[in-house]
Every structure is written in C-alpha cells, then in structure tokens.
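To start, the structure under review is shown below, and the notes come after it.
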Amino acid sequence: MEIDDACELASVKTGSIHAVISSPPYAATYDYMAHHAMRLRWLGLEGKATTSFAEKEMGSRRRYAELDAASALAEWQHELEGFLLQMARVLVKDAPLVLL
C-alpha cells in the first residue's frame, strides 16, 4: 500500500483517475488521527505512517486551536486549494468530483 498526501498525490499520475468522491475534513472540529487510530492499527499503518499523517492532517483541531480566526481561515483555504488542485491534475477531463 502506498501512502500519499491528498495535497500532493505524488504517487498518482496526471489524468489517471476517473472519479473522486470525498468528504474533506471539517476544519478545527476533529482530530481525525484520534478517531482513526484503531483503523490505522488494523490496516498495519501505525508507527511512522501515523506520525506523517498527524503532521499533514488537514483541518486538525489541535493545530487550528493554536491559530486566530483569520489565520485558521487562511490555512483552511490553503489546504483545500492544495487538495482541489491535485484533484484537477489527477482526474481525466470531465471526470466527476463529488464533495460531501
């Protein structure tokens, strides 16, 4: 299993994906790593991978709690923009992108 960052997608070829369905994180609401710790362990992705996930987690509550409102908004826009730019790159022309 290859691990990648949704804002980089270095392991995904340009124009190679035919559809994406995603639910971007709710900014400053959850620490998703804590919610998914058992799943990651079950998938054999604990250890170094979880450290990497935690460092790059989009919208994490623990990181946003340290920011003022304007900085948090700017950070969320930056993270979401990175994700959307990568979706535009990896999706084939006219492929659907569904955000819940």
Worksheet item: Of the residues that sit in segment 38-57 and are assigned to a helix (DSSP H, G or I) and either of a type in the set (A, V, I, L, M, F, W, C) or open to solvent by less than 40 Å² (accessible area, probe 1.4 Å) (or both), which one is modelled with the lowest pLDDT?
Response: ALA49
Worksheet entry | Subset of segment 63-77 [surrounded by 14 or more Cβ atoms within 10 Å (Cβ to Cβ) and of a type in the set (D, E, K, R)] | ARG63, GLU75
Worksheet entry | Count of segment 1-46 residues which are in contact with a helix residue (DSSP H, G or I) (Cβ under 7 Å, 6 or more places away or on another chain) and hydroxyl-bearing (Ser, Thr, Tyr) | 4
Practice prompt. Give the residues of segment 9-37 that are at pLDDT below 85 and loosely packed, with under 11 Cβ neighbours inside 10 Å, sorted by residue number.
Written response: HIS35
Response to the item:
Residue hits (segment 28-43; under 23 Å from ILE3 (Cβ atoms) and touching a residue at least 40 places away in the same chain (Cβ under 8 Å)) are LEU43
Worksheet item: Which number in (1) open to solvent by 40 Å² or more (accessible area, probe 1.4 Å); (2) farther than 16 Å from ASP4 by Cα; (3) polar (S, T, N, Q); (4) within 14 Å of the chain's Cα centre (by Cα) marks the one condition that SER60 misses?
Response: (1)
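The values are calculated or read from the model by the stated rules, or taken from the named source; none is laboratory data. Being a predicted model, the structure only gives us computed values, none of them experimental. Note that each Cβ is placed from the backbone with ideal geometry, even for glycine, and that neighbours are counted across all protein chains shown. In case anyone asks, the SASA skips ligands and DNA or RNA and just uses the protein heavy atoms, side chains included. Shrake-Rupley method; radii C 1.70, N 1.55, O 1.52, S 1.80 Å.
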